[in-house]
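Below is one structure, written out as structure tokens; comments come after it.
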Amino acid sequence: MQLNELKDIDESAHPAPAPVLPFISDAERQRREKASKRAEASSRLEGLTISAAAKAISAEWERGEMTGAEMTERVKALYVRRG
């Protein structure tokens with residue numbers, strides 16, 4: 001391929017690679033899943049309902065897509081009153 005042919009390449013045919021997620025072990029993933037289930041059960045016992053958005057954030061954390069601190073901040077942001 002000549003350098004002048006590069007301008008004709010359709011970049012949409014070669015999408016950017018997906019971001020690499022931090023690796024967590026199966027044991028860590030299972031620990032996170034159990035922690036999420038305990039937190040949800042505790043909330044239900046207190047009469048609270050977990051929103052779908054909060055569950056989605058929790059699932060991302062379970063998969064290792066964020067740290068516990070990041071998860072906490074994102075969930076808190078769901079419930080902060082916007083002035």
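The values are calculated or read from the model by the stated rules, or taken from the named source; none is laboratory data. Small disclaimer: the values here were computed from a predicted structure and weren't measured. With ideal geometry, Cβ positions are generated from the backbone for all residues, glycine too; neighbour counts draw on all protein chains shown.
Considering LYS7, LYS76, the condition of being among the charged types (D, E, K, R), surrounded by fewer than 13 Cβ atoms within 10 Å (Cβ to Cβ), within 16 Å of the chain's Cα centre (by Cα) and modelled with pLDDT under 95 is satisfied by LYS76 alone. Within region 30-61, the set of residues being not in a helix (DSSP H, G or I) and not polar (S, T, N, Q) comprises GLU46, GLY47, LEU48, ILE50. In region 31-53, the qualifying residues are those that are surrounded by 12 or more Cβ atoms within 10 Å (Cβ to Cβ) and of a type in the set (S, T, N, Q), and the one that is nearest to the chain's Cα centre (by Cα) is SER36.
When restricted to residues that are without any contact (Cβ under 8 Å) to a residue 24 or more places away in the chain and part of a helix (DSSP H, G or I), region 62-79 contains 11.
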